[in-house]
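**Student:** Let me begin by handing over the structure; questions about it come next.
What follows draws every value from the coordinates through simple rules; no lab data is involved. All values reported here derive from a predicted model rather than from experimental measurement. Positions of Cβ are generated from backbone atoms using ideal geometry, with glycine treated the same way; all protein chains shown enter the neighbour counts.
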Amino acid sequence: MTERMTQLYHEFYPSLVRMLYRRTGDRDRAEDLAQETFARALQAPPDNPRPWLFAVALNLVRDDGRRAVRQGRRLELYREERPSSAPAPDQTMDEADQTTAVRAALDTLATRDREALLLKAEGFDYDEIAATLGLAKGAIGTTLSRARRRLVEAYRAQEKDRHAAS
Amino acid sequence: MPHLDEEQITALLDNELSPADARQVREHLAGCAECAARFEEARGFLVEADRLVRVLEFPEAPTKIQSVADPEPAPRPARRPFPTRQLAWAASLLLAIGFGYYGNELRVRRIAAPESQAAKPAAAPAADREADALTETKAAPAPLTAPAPAPGAKLESALQKDGGKTRPESPQPSVGGGLANEQSKDKALRRDESRRATDAAAIGQMAAAPPAAAKQAAPDTAGRWIDGVPAAAPRERADSASALGVTPNGFEDSRTSPTASREAFRSSHYGPVTSKVTLEEAVQTLGGSIRLIDGLTPDHVEWLNGRTVAGAQPELAVIRVVYLDAPMRELWLDQQRGKGVIATTDTVLLTRPDGGLSLQWHTGPDGWLSLSGHLTADSLRILARQVR
């Protein structure tokens, strides 16, 4: 492995796998997709690695979408059944509920909006988001604004329904 | 200038405008109530959306870094170890200086301890002792809790290391040695229990503080953004517990203000605050997002030089989110983000010179966080799990 690829690995792998986890909701799948992304980078080392890596990763997610989501749900259920040394049961339930609610709210976003939001959370600037998603830089602000608003409104609506039901 | 569009407002929030464009947009916001309201709304959505995304934290550190590229595991790159030992020595040196300087006060307090504690109930809450300490405090800063632990060590190891001989508030050897040891152990247990109860109550009070009503932001005459009132306005607040809230539209400084006594207390214990910043500036400093403690309402945000914060990267600025609890104690959530941060997987617990504890950890390859306050380590860990 070249020194440059090693450097790219250590520099971008944690951020990439975190973004993929937020995108897919499946830890194992996120790691697998991140590895596959870097495997492709080994075959054709990119000049502008950060947007390239994340663009490839997001394409892999889309290509693998439906089957992986179903598989991810089964893995999530299995993971919840396993005993763990987590903190108090009510705290775990609250955290799990919140995670579920946030993920459901995120799923209500359009794909591009969701991806722009996740890339921004990884510290991408507008130029990088535009390069990664193939959008015009002048549209990134509007995209992010729309994504943030819809995410918050969807989450609040879910919380309102949840509290009304309880 | 016509009304701002969504792109301009969002770009300003994300620090994507050139300095000239940013200045132009700010000038427009200063004179346009409609655009200012839209700006506040957008900022609120930014803060909330960022908080929600961070709920989806990766469950554990990624482990499959090497498996694709190399069949054999590669040696880990050399990383600078977290300077725990150096920080412990520095803390011990500062504590030693502090002990030497305040030696007279501590001696007076210990001599008075057996008589005052005999008159008090066995499980006197820590808050009572702290209230006594506050009334006795002179101009120079002093620990808020009982006398500080032995220097140069974490709180827990200090209590273990000295074998109970110098436990805080242990009575002077005016009785038989065996009875004194038993009494000191019982006292230490009761103190720990009461301190945990006080911590839990403090956390509950911080969480119960109601959020502020939304108000429009306005700049001061120098063009610097201050939420609510201009920076020079006098600040009066009747109740320190009704801390400022993070509303959907961002921080509010104008709804409540500290009393003069609280400001004097803060100045004497923490030094004058000269680097308050707005939430927007803090978010920009951190590259677009800020971490907050879920369920608690911050009081204000500060900007500090990395060199002045123990454990922080000296070259990067530190953003400090300050929370208050009822006994006029502050809880600090310090954070850095940037390529200068050297990440480790360790979580470190440090003892501050004033006797408080600081829990420090890294988030990802470029983020550093520190949670500090006069709480127990367990309480800090509980709060750390709520950082989003």
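**Student:** Just the residues that are at the interface with chain B (Cβ under 9 Å from one of its Cβ atoms) and acidic (Asp, Glu), please, taken from segment A:19-49.
**Tutor:** A:GLU31, A:ASP32, A:GLU36
**Student:** Which residues, counting only those in segment B:8-57, are buried (at least 20 other Cβ atoms within 10 Å of the Cβ), free of Cβ contacts under 8 Å to residues at least 24 places away in the same chain and among the acidic types (Asp, Glu)?
**Tutor:** B:GLU16
**Student:** Here's something else I'd like to know. Name the helices (runs of 4 or more DSSP H) wholly within segment A:87-166 that hold at least 1 residues that are surrounded by 19 or more Cβ atoms within 10 Å (Cβ to Cβ), more than 11 Å from chain B (Cβ to nearest Cβ) and under 18 Å from the mean Cα position of the chain (by Cα)?
**Tutor:** A:111-121, A:126-133
**Student:** For segment B:286-300, state whether one or more residues are over 17 Å from B:LEU383 (Cβ atoms), crowded, with 19+ Cβ neighbours inside 10 Å and under 15 Å from the mean Cα position of the chain (by Cα).
**Tutor:** Looking through segment B:286-300, at least one residue is over 17 Å from B:LEU383 (Cβ atoms), crowded, with 19+ Cβ neighbours inside 10 Å and under 15 Å from the mean Cα position of the chain (by Cα).
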